[in-house]
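The values are calculated or read from the model by the stated rules, or taken from the named source; none is laboratory data. For clarity, every value in this text was computed on a predicted model and none was experimentally measured. Ideal geometry is used to build each Cβ from the backbone, glycine not excepted, and the neighbour counts take in all protein chains shown. Quick note on the areas: whole protein, heavy atoms, side chains included, nothing else; ligands and nucleic acids left out. Shrake-Rupley method; radii C 1.70, N 1.55, O 1.52, S 1.80 Å.
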Amino acid sequence: MKLEHIAIWVKDIEKMKAFYEKYFNVSSTDLYHNKKTGFSSYFLTFEEGSRIELTTKQHLSNRIAESLGYAHIAIAVGDKTAVDTFAEKFVQDGFPLLNGPRTTGDGYYEAVIQDPEGNLIELTTG
């Protein structure tokens with residue numbers, strides 16, 4: 001078995017798609033839109049096959065930080081130098097660096113940033 005994809009509810013689907021394309025070199029499907037439900041989505045595919053589905057519809061509730069449920073996604077960007085480089089790039093572009101780069105107690109080398117809508121992304125070694 002493998003994890004096929006994760007889905008993220010987003011407010012601004014085009015902005016979020018552009019973010020993942022710019023920083024993580026994903027390829028995107030065409031926009032899917034269901035006229036009956038108002039649901040729209042893009043599937044974003046990483047070079048090694050992992051996928052994120054960006055989803056949106058009207059009347060989404062705001063997120064509550066640090067509530068039960070999914071906490072973050074981790075994206076392996078390469079070695080320690082790559083983690084450092086990605087972290088620096090995000091800071092230069094105005095995204096908050098919440099933690100790191102550092103080696104965690106469980107042995108990961110990571111930096112934690114937020115995407116444009118506040119979702120946490122761990123940039124890790126491969």
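List the strands (runs of 3 or more DSSP E) inside the stretch 7-103, counting only whole elements, that have at least 2 residues being farther than 27 Å from Gly126 by Cβ. Hits in the stretch 7-103: 40-45, 51-56. Looking across the stretch 74-115, just one residue is more than 20 Å from Ser50 (Cβ to Cβ) and in contact (Cβ under 8 Å) with a residue 60 or more places away in the chain, and that is Lys89.
Residue count for the stretch 49-94 under the criterion of being under 24 Å from Ser28 (Cβ atoms) and of a type in the set (A, V, I, L, M, F, W, C): the result is 11.
Inspection of the stretch 58-69 identifies no residue that is surrounded by 13 or more Cβ atoms within 10 Å (Cβ to Cβ) and of a type outside the set (Lys, Arg).
A quick yes/no check of all residues on (1) of a type in the set (D, E, K, R); (2) more than 14 Å from the chain's Cα centre (by Cα); (3) open to solvent by less than 70 Å² (accessible area, probe 1.4 Å); (4) over 25 Å from Lys2 (Cα atoms):
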| residue | (1), (2), (3), (4) |
| --- | --- |
| Thr29 | no, yes, yes, no |
| His33 | no, yes, no, yes |
| Lys89 | yes, yes, no, yes |
| Ile113 | no, no, yes, yes |
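Between Asp106, Asp84, the distinction of being at pLDDT 95 or above and more than 16 Å from the chain's Cα centre (by Cα) belongs to Asp84 only.
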